[in-house]
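Comments concern the structure below.
The values are calculated or read from the model by the stated rules, or taken from the named source; none is laboratory data. Predicted, not measured: the structure shown is a model, and the values here were computed from it. With ideal geometry, Cβ positions are generated from the backbone for all residues, glycine too; neighbour counts draw on all protein chains shown. Calculation scope for accessible area: heavy atoms of the full protein, side chains included, ligands and nucleic acids excluded. Shrake-Rupley method; radii C 1.70, N 1.55, O 1.52, S 1.80 Å.
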Amino acid sequence: MKPRSQQFWSQIPRYALLTVLATLFVLPFYLIVRSALMTDAEITAPGWVWFPATPHWENFRTLFDDPDNQMRTGLINSAVIAVVTLVFQTLFSSMAGYALARIPARGRDFVFGLIVATLMIPGAVTFVPAFAVMAFLGGVNTQWGVIAPGLFSAFSIFLFRQFYLRFPVEIEEAGRLDGLGYFGVYWRLLLPNSTSIMTALGVLTFIGSWNSFLWPLVIGQDPSSWTVQVVLSTFLTAQTMHLAQLFAAVAVAVLPLVAVFLVMQRSIVEGAKFSGGKE
């Protein structure tokens, strides 16, 4: 056993590295909050100020009181789109992953290969065809037009399939002895035991949907259908620059993501390790 003093000094480089990494992680959030409490003139001033002498909390009030500002609408639209995408993408991907892993069907591996192959197709290739389909179906300026392409994820299907391949077969056999079919085994046994990976993928899906910009920008051409990321782009244009309101809006837009990450970070790690499954 090493003496305590020797153990203490041996841990210093590790904690020093962690401190530096934590500082780099927190630095962008500090800059956002600092700038959100300043005026445009203070933000663009040449001198550096660690924190404004007089915090301008009214920047946040103006953000929602301004009738020309769509921040409230953007937050509501983004929340609805992110939650719906999270629920249905996770559900559909788990169903597809279970079918590809456990249901014996001719051509199952071929179908799985096609799904994985779609991961190599750049999103720019399918962007215009997807927009043409949504326009034909009347999905422009609608929330479902933004949601529909995100309901299916080849990456999520792949992870669910790998997870169910590691799932104990004995549990499924016990369910079949009780008279359950494939759907019964999936709904009553596998799905309740998939909370780790469902939570991990759900959080990643929520973050990806919340941060999506280009697709909601093209589909949501009317201000009433803008998401929060599209609203943020309106604060900085070729004609106008509202830096204080932009940073205040960014602080508000980032808050849900930070809250979700802090609450679910342990589940993300557990899901990444496929906890509950056997090797």
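Name the residues in the range 17-45 that are charged (D, E, K, R) and out of contact with any Leu (no Cβ under 6 Å at 6 or more places or on another chain), would you?
Scanning the range 17-45 gives Arg34, Glu42.
Please go through the range 64-88 and pick out each residue that is part of a loop (DSSP other than H, G, I, E, B) and surrounded by fewer than 16 Cβ atoms within 10 Å (Cβ to Cβ). Spell out how you get there, then give the answer.
Within the range 64-88, the first condition is being part of a loop (DSSP other than H, G, I, E, B), and the residues that meet it are 66-70.
Scanning the range 64-88 gives Asp66, Pro67, Asp68.
From the list Tyr186, Tyr182, Tyr164, which one is open to solvent by 50 Å² or more (accessible area, probe 1.4 Å) and either charged (D, E, K, R) or in contact with a helix residue (DSSP H, G or I) (Cβ under 8 Å, 6 or more places away or on another chain) (or both)?
Details: Tyr186 fails: open to solvent by 50 Å² or more (accessible area, probe 1.4 Å); Tyr164 fails: open to solvent by 50 Å² or more (accessible area, probe 1.4 Å).
The match here is Tyr182.
Is it fair to say Ala132 is under 30 Å from Trp226 (Cα atoms), among the aliphatic types (A, V, I, L, M) and open to solvent by 40 Å² or more (accessible area, probe 1.4 Å)? Before the answer, list the steps.
Values: under 30 Å from Trp226 (Cα atoms): yes; among the aliphatic types (A, V, I, L, M): yes; open to solvent by 40 Å² or more (accessible area, probe 1.4 Å): yes.
Yes; evaluated as a whole, the condition is true for this residue.
Of all residues in the range 114-152, how many are over 21 Å from Asn77 (Cα atoms), at pLDDT 85 or above and of a type in the set (Gly, Ala, Ser)?
Matching residues across the range 114-152 total 2.
Look through Arg61, Arg34, Arg14 and report the one residue that is part of a helix (DSSP H, G or I) and exposed (fewer than 10 other Cβ atoms within 10 Å of the Cβ).
Among Arg61, Arg34, Arg14, only Arg14 is part of a helix (DSSP H, G or I) and exposed (fewer than 10 other Cβ atoms within 10 Å of the Cβ).
Of everything in the range 211-231 that's assigned to a helix (DSSP H, G or I) and over 17 Å from Pro149 (Cα atoms), which residue is most open to solvent (accessible area, probe 1.4 Å)? Step through it out loud before you land on a result.
Residues of the range 211-231 assigned to a helix (DSSP H, G or I): 211, 214-219, 223-225, 228-231.
With the extra rule that they be over 17 Å from Pro149 (Cα atoms), the set shrinks to 223-224, 228-231.
Numbers: Pro223: 48, Ser224: 77, Val228: 0, Gln229: 36, Val230: 3, Val231: 2 Å².
The selected residue is Ser224.
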